[in-house]
Amino acid sequence: MMPDTTTLLGLCAAALVGLGLYGLIVHPQPLRKILAFNILGNGIFMICAVIARRGAGAGFGGDPVPQALLITAIVVAFAASALAVATLLRLHGETGDTSIAPEAPAGGKTGGH
Amino acid sequence: MTAGLQDITTPGGLLLVLAVLLPVIGLLAGLVLGGRHARSAALVTIAAGLAVALAVADAVLVSGGTLVYLMGGWAPPLGVLLRADGLSAAMMLAAAVVVAGIAVYAGRDFGTARGEPESRRSLAFWLLLLAVWSGLNLVFVTRDLFTGYVALEMLTFAAVPLVCLDGKGETIRAALRYLLFALAGSMLYLLGVFLLYGMYGTVDMALLAERAGPDVTTIAAIALLTLGLAAKTALFPLHLWLPPAHSGAPPAASAILSGLVVKGSWFLVVRIWLDVFPGVVTVTSAELLAAFGAAAILAGNLVALRQQRLKLLVAYSTVAQIGYLFVMFPLAAGLTAAGLDDAPARSAGLLQAVSHALAKAAMFMAAGLIYKSVGHDRIAELAGSARAMPLTLLTFALAGIALMGLPPGGAYAAKKLFFDSTAATGLGWLEVVLNAGAFLTAGYTVLVLAHALRPAGALLKLESRPSRVGELSALALALASLLLGCAAADMIPGASLAGAFTPAGILSALLILAGGVAIAGAFGLQLPWAGRGGGPAAALVALRRLTVAVGVLVVRADGALRQWPVATTTLLLAALAFAAVIAAGT
């Protein structure tokens, strides 16, 4: 039996979430992390779209409430990506590298004057 | 709950809209007026916002009502409802007081004098301060999880640039790390919200509380919401971004970040665990949440003792204090499970949060004044600073005493409420951790003060005199935190200070201070009394070697946990653990 469209899309969404999480964890470069965040976000947005589709009624193609939530979340995530990219550019401009690894562990030798 | 009755805009409901929108209006006005006048716009807005917060507190806390506002007259599930109960009103008032204190303090650092060119740094500070405030107020009054998401993102987007106001490479790095980790948390939270909508067709808290049952999707959603928020709150071991971000920001910005911003995401955890799903979460899962808090208290305080920089010490103190905010959950769950009112847990959590907001803002302000006047914040080289700037060090000491939970502080009242209820809920282990936390907090406070009180060879030469207004505003916040217990004694049943000033009460307070001296001697990085006299006994040296080894071990472990892959993996594993524990209990 073929799975229906919503199940298929839901599985795709889950795959996107998994890919996004994986990228977020393993890639050390911030730009890749930002891209992974977007993939993760798109997976979650797709889950929301599937929920809207499943809740369709009264002659609509989908439940309009999750669609409204979705468009808001997309705007917020877009703003987040823009802020992250701008900060990254500034970091590169200021330091010449883009690593966000933490500084050397605290509690070492006393610094000089 | 009768959904129909409460879904009416009450008289005074407009105050809630004002609390959220006034800072935005001030922000826009400041943007138009430009750098020279942004500060005036902010100060006018803060005065107005303080009045609004007082009016809300009067209507809710004094008269004992709730304020409700229906946006556009639409009731949930379609509409968005704002409501202020006692918790919201108290947090709004605390936020307004802290914002006002910070604004007075920041006047000199971020003011633009006549003839001075405008700077983007000071314009950004005032606008972001207002943006943080608006986001916080929205978190406090919102009654739906999705608006909570938007409010938290507003809060994060305003907080991240505050970290790197100075524009130094290291602070931009800290800001980016903070933003990326917070975004990971946001996405988990958002997924939880969408899953709940898919199950119940609403994101309104009251409707969800009526409809939610202990099924797999709901449990998964609770775990995602909780861990997403924990990442944004920097609950140990998800604190990788907090120490560099909070210690690298300018002091006024650190006070906002440490005092206020972390309380936003914590507040939503309270809503979710106590108001939305009290029937779904189990006592065991709440104890797991408190176990993270207990680890935060122990590890955060120990690492604070091993810092050489004052601002990093204060930042790690925040890591520990965030732990205190999470010990209320098993108490609430235990009381609910026993069929009792969870009011003591709410009051304890609230007092802890407000007390920390005031005290930590004061502590960062004092640390900032020390940095600016002495020219550095290396703890071991602070000798003579107490004599050169006594008021600042007094503020630091008072803030430390408030954080330790000595009477009559708000944290003392919180602990008393907690201890009075632990008998009914069997949370003895948390009681032990809380007491240990008080000793450790006393330890780093004593350590800093002992260094500062040490006489310098010559009179310490200050680079600049600390600003008197700055000193006084920091002192006012520290005193407010210390006197919070007195206010609580009148308003909250069970929070009386009766036992505090009996001989036994005073003895236990002195015991905590004496324990602090011992802890400072055992774990402190550089001891102010080292290298004097004939040297301590061999047994003490051996003991010190052992305790230092423990301290170094904890610092190493903390460093490992703050690696990005470790922290993000922990985030996911912790979400799984929560889901498993809740599912096992139902």
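Applying the Karplus relation 6.51 cos²θ - 1.76 cosθ + 1.60 with θ = phi - 60° to segment B:33-43 yields 3J(HN,Hα) values of 6, x, x, 5, 10, 4, 5, 4, 4, 5, 5 Hz, where x marks Gly and Pro. Taking Cβ atoms as reference points and 15 Å as the exclusive limit, the residues near A:Thr5 contribute a net charge of +1, counting Lys and Arg as +1 and Asp and Glu as -1. In chain B, the DSSP-assigned H stretches of four residues or longer account for a calculated mean residue ellipticity at 222 nm of -24500 deg cm²/dmol, using -39500 (n - 2.57) per stretch and the full residue count as denominator. If you take the beta carbon distance between B:Leu61 and B:Val32 as r and set R0 to 41 Å, what does 1/(1 + (r/R0)^6) give as a FRET efficiency, to the nearest 0.05? So the FRET efficiency works out to roughly 0.70.
Under the combined filter of DSSP loop state and at most 16 neighbouring Cβ atoms within 10 Å, segment B:138-206 retains these trypsin sites (Lys or Arg not before Pro): B:Lys168. Of the whole protein surface, B:Tyr197 contributes about 20 Å² of accessible area at a 1.4 Å probe radius. Label-to-label distance, A:Val75 versus B:Glu116, with points set 7 angstrom from Cα along the beta-carbon direction: 3.7 nm. Within segment B:499-583, the trypsin sites (Lys or Arg not before Pro) that combine a DSSP coil assignment with at most 11 other C-beta atoms in a 10 angstrom radius are B:Arg532.
Applying 1/(1 + (r/R0)^6) with r as the Cβ-Cβ distance of B:Val469 and B:Ser508 and R0 = 45 angstrom yields a FRET efficiency of 0.80.
In whole angstrom, chain B maps to an equivalent ellipsoid with semi-axes of 36, 29, 22, each derived as √(5λ) from the alpha carbon gyration tensor and ordered largest first. Rounded to the nearest 0.05, what FRET efficiency do B:Leu391 and B:Leu43 have when you use their Cβ-Cβ distance and R0 = 25 Å? That gives a FRET efficiency of 0.60.
The values are calculated or read from the model by the stated rules, or taken from the named source; none is laboratory data. Because the structure is a prediction, the values reported are computed rather than measured. Positions of Cβ are backbone-derived with ideal geometry, glycine not excepted, and every protein chain shown enters the neighbour counts. The accessibility values were calculated without ligands, DNA or RNA, using every heavy atom of the protein model including side chains. Shrake-Rupley method; radii C 1.70, N 1.55, O 1.52, S 1.80 Å.
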